[in-house]
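Down below is the structure, laid out as structure tokens.
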Amino acid sequence: MELELRHLRVLCAIADSGSVSRAAALLGASQPATSTQLRRIERHLGAPLFERTAAGVAPTCFGVEVVTAARDLLARADCLGHRPEAPGGPARRELRLAATISPILPGLVTRARHQRPDQRFTVTSVHQSSGIVDLLEQGDADAAVAMDYPGRELRHSSSVAHRGIVTEPSFVALPAGHRLRHRTEIALVDLADEGWFLTPDDGAGWHGVFYDACAAAGFTPAAVHEFPGGRLELQEMIAAGLGISVVQATTRPLADVVVKPLAGTPVWVRHLLAWRPGGVSGEVVETLFGAAAAAYRDLIAASPAFRAWAARTYRPTRP
């Protein structure tokens, strides 16, 4: 088969909706036909593009790359025949970007500024994803980078749209001398007696996600200390042997910290782009999304722990 634009739209619809059946409804097709189309595309490319999650499906690492490229191609195709604005036309206003403390943010902004030198970006840091929704719905921000969790998706009104950038596993950070440091993966239940550092509630349900994962593993954490500091300060506390913590999979550990996958991947987090359709053009949305996806690929490239986990988890299949 040869890939066509309609195939790329299928992949983007699945990634956006997080479900083959919802994508089929958006495309006006049946669920079996959409599933068959996806399997044909995966056979053609030689590797799975999506994996099942508790909430539906999420792109694999390879799938993120393919979907990002598909969005770029579709955006370019949509621009065919559109003439650029004449010089001296109306200047574009600034784009107000709100963001949680996301490792994606620096790379996103750097790329977006490079791709749109005539666009001025301002960034507001917001701790809670629910606060980001408030800014968007009140018209105090144009676009945002936020986080949520499968099964606890971010809620907002129809005045806001969002698209998942990537759904990634959460790992655990341990002191370098920890008794389990040599394991390839660590079962959550084997950490039942540890002291945990728990970052403050993020307005998207993080505390509930953590405690639910522990309960599913059959235990209640022995000790939990809320830690409001930054990522570097958290690692310094872990390096000192004062506790352990769930961290993002692409975390770069300090010399005295090790980052390990959790067996069975009990915790997932989704990074997403949200925006006000009435205030941001589709072209700008595609720029932001592409920049965010590229920034995440850079994080993966700098994370040996994540790459090793992905190599074990996503084994390419032969067509």
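With respect to (1) in a helix (DSSP H, G or I); (2) over 18 Å from residue 146 (Cβ atoms), the lone exception for residue 207 is condition (2).
For region 167-188, name all the residues that are exposed (fewer than 14 other Cβ atoms within 10 Å of the Cβ) and under 29 Å from residue 59 (Cβ atoms). Selection gives 184 alone. Of the numbered criteria (1) buried (at least 20 other Cβ atoms within 10 Å of the Cβ); (2) farther than 29 Å from residue 196 by Cα; (3) over 19 Å from the mean Cα position of the chain (by Cα), the one residue 238 fails is (2).
In region 125-135, the residue that is surrounded by the fewest Cβ atoms within 10 Å (Cβ to Cβ) out of those that are under 17 Å from residue 280 (Cα atoms) and touching a strand residue (DSSP E or B) at 6+ places or on another chain (Cβ under 6 Å) is 135. If you go through region 151-166 and pick out every residue that is over 11 Å from the mean Cα position of the chain (by Cα) and either in contact (Cβ under 8 Å) with a residue 40 or more places away in the chain or buried (at least 19 other Cβ atoms within 10 Å of the Cβ) (or both), you end up with 9. Of 294, 222, all but one fail to be outside the structural domain of residue 18 (by TED's automatic domain parsing), of a type outside the set (S, T, N, Q) and closer than 30 Å to residue 49 by Cα; the exception is 294.
Tell me, which helices (runs of 4 or more DSSP H) lie completely within region 213-315 with 3 or more residues that are at pLDDT below 90?
On the way: elements: 231-239, 282-301, 304-313.
Per the criteria, 282-301, 304-313.
Residues in region 1-37 that are hydrophobic (A, V, I, L, M, F, W, C) and in contact (Cβ under 8 Å) with a residue 40 or more places away in the chain: 1, 3, 5, 8, 11, 12, 14, 15. Of the residues making up region 1-28, those that are of a type in the set (A, V, I, L, M), surrounded by fewer than 17 Cβ atoms within 10 Å (Cβ to Cβ) and more than 23 Å from residue 290 (Cβ to Cβ) are 1, 25.
Restricting region 243-283 to residues that are more than 19 Å from the chain's Cα centre (by Cα) and among the β-branched types (Val, Ile, Thr) leaves a set whose member that is surrounded by the fewest Cβ atoms within 10 Å (Cβ to Cβ) is 280.
Can you find a residue in region 282-293 that is touching a Ser or Thr at 6+ places or on another chain (Cβ under 7 Å), among the hydrophobic types (A, V, I, L, M, F, W, C) and farther than 21 Å from residue 179 by Cα? Steps first, please.
Here is the first cut: in region 282-293, the residues touching a Ser or Thr at 6+ places or on another chain (Cβ under 7 Å) are 290, 293.
Add one more test, that the residue is among the hydrophobic types (A, V, I, L, M, F, W, C), and what stays is 293.
Filter once more, keeping what is farther than 21 Å from residue 179 by Cα: 293.
Yes, that holds for at least one residue.
In the condition set (1) of a type in the set (A, V, I, L, M); (2) in a strand (DSSP E or B); (3) at pLDDT 85 or above, residue 58 is compliant with all but (3). Cβ-Cβ contacts under 8 Å between residues 6 or more apart (or on different chains), taken from a first residue in region 167-185 that is under 30 Å from residue 14 (Cβ atoms) to a second residue that is assigned to a loop (DSSP other than H, G, I, E, B) and among the small types (Gly, Ala, Ser), are listed as 168/249; 169/249; 170/249; 171/249; 185/263.
The values are calculated or read from the model by the stated rules, or taken from the named source; none is laboratory data. In this text the structure is predicted, and so the values were computed from the model without any measurement. Note: ideal-geometry Cβ built from the backbone for every residue, glycine included; neighbour counts use all protein chains shown.
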